[in-house]
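The structure appears right after this line, and notes come after that.
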Amino acid sequence: MATNPGSYVEIEFTSDDHRFRRFFVCFGASLIGFETGCRPLLFLDGTFLESKYQGILLSIIAKNGDEGFFPLAFSVVDQETKDNWTWTLTCLKKIISADRTITFISDRGKGLMLAIPGVFPTSHHSYCLRHLKMNFREAIAGKFSITIRKKLLQLLDAAAYGLRIEDYTRALAHMHGYSEQAAKWVEDSDPNHWANALFSGERYGEMYSNCAESFNSWILEARNLPIVQMVDHIRVQMMEMMYRRHNESSNWETFLCPSIMEKLQKIQADSRGLQVRCSFEVRGRRNEAVNLIERTCTCRRWQVYGLPCVHACAAVWKINGSIHEYCSHYF
Ligand SMILES: [Zn+2]
């Protein structure tokens, strides 16, 4: 903390014999980057350390404007428990701004399900769809034919990705038709934490916690080292990554980050041919109402993904506006 200004470290040890207990670190550069450039979205995951001292690394990862993972903080603990996550998140809470409501994305690990609302009561917690599907697959294993199992998984996807309440209820009604038991499992698995139509936080279309998992595999080599060397190895890796990204982005010629620009261009291409009526009623497969001031569309894609939908693109084109002004400043 003395030599790397703005960084935050906590080390805990046992009071009787001063043995190492747990460690939290957030480098100053990560904190500034998260607060000024990243969406209020954090991916959480735990991974095993491979050195002879073992232990677990709990990582807290953000995403930059160009969709790359952006390490914010991590801790070293003995096990992935509610207590260790609570301690880690409490350290985090001391340093991040309270002005933004955070959306956390993680698996449905019991420790996290309890620790997140305990430390950040106003935050939102999104359950990773990949983990949910894995649990669902286990729940329906051996009970149905392959064809039915495949259908049930497709319906789970439809329930998760559907943007409107009617999309979710339609998928569930279908599922009830195939199996009451499977539908009940889905209804009992807190769909308000994973279904787009029911989720109340902002997650910019992120359904998976794989950002944190990417970080964990990125530091595979460091995970073989003793803790102090590991932290320094990760620090150097992060420094090199930020330096590389800084150089690359200084050559960007697009107004938005390139990967977002590419997505937006596809949406704009799809919006061609849509008819816009004066009050920004856009005629597509069905009529949608776009509100450019509130940045909403009745299709809900804009609200859920944070990028203008085809209807919004058509409406902006109609007023000769610049679509970039309607994209989140994080992009
Ligand atoms: Zn729309």
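Readers should treat all values here as calculations from the given coordinates under stated rules, not as data from a laboratory. A quick note: this is a predicted structure, and the numbers were derived from the prediction, not measured. Neighbour counts run over all protein chains shown; Cβ positions are idealised from the backbone, glycine included.
Below, the figures for the structure above:
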item: Choice from Leu132, Leu112, Leu292 with maximal GNM fluctuation in the chain (Cα, 10 Å cutoff); result: Leu292
item: Karplus-derived HN-Hα couplings along region 109-114 (A = 6.51, B = -1.76, C = 1.60, θ = phi - 60°), whole Hz, x at Gly and Pro; result: x, 4, x, 6, 4, 8
item: Cα Rg, Dmax, region 25-150, angstrom units; result: 16.6, 54
item: Two-decimal Rg to Rh for region 129-193 - Kirkwood Rh, Cα set; result: 0.92
item: For the chain, built as a Gaussian network whose Cα springs stay under 10 Å, the top-fluctuating residue of Ser249, Ser271, Ser15; result: Ser15
item: Within a Gaussian network of the chain (alpha carbon springs, distance under 10 Å), most fluctuating of Asn251, Asn216, Asn291; result: Asn251
item: Antiparallel bridges, percent of DSSP beta bridges restricted to the chain (to nearest 5); result: 80
item: Orientation-averaged projected area, Cα convex hull of region 168-287 (nm²); result: 13.7
item: Ellipticity estimate at 222 nm from DSSP helix runs (n ≥ 4, -39,500 (n - 2.57)) divided over the chain, nearest 500; result: -13500 deg cm²/dmol
item: Leu153-Lys94 pseudo-label distance in nm [points 7 Å out on the Cα-to-Cβ vector]; result: 4.5
item: Environment charge at Ala159 (Cβ cut-off 14 Å; Lys +1, Arg +1, Asp -1, Glu -1); result: -1
item: Percent RCO, i.e. relative contact order, over region 129-193, from Cα pairs under 8 Å lying at least 6 residues apart; result: 30
item: Cα Rg, Dmax (largest Cα-Cα span) when computed across the chain, Å; result: 22.2, 74
item: Charge tally in the Cβ shell below 15 Å around Gly306, where Lys, Arg are +1 and Asp, Glu are -1, Gly306 excluded; result: +2
item: For region 308-331 versus region 178-241, the gap between their alpha-carbon centres in whole angstrom; result: 30
item: Environment charge of Asp78, counting only residues whose C-beta is closer than 12 Å and scoring Lys/Arg +1, Asp/Glu -1; result: 0
item: log₁₀ of I(q)/I(0) at q = 0.13, 0.24, 0.26, 0.27 Å⁻¹ - region 258-326, Debye sum with one point per alpha carbon; result: -0.29, -1.06, -1.25, -1.35
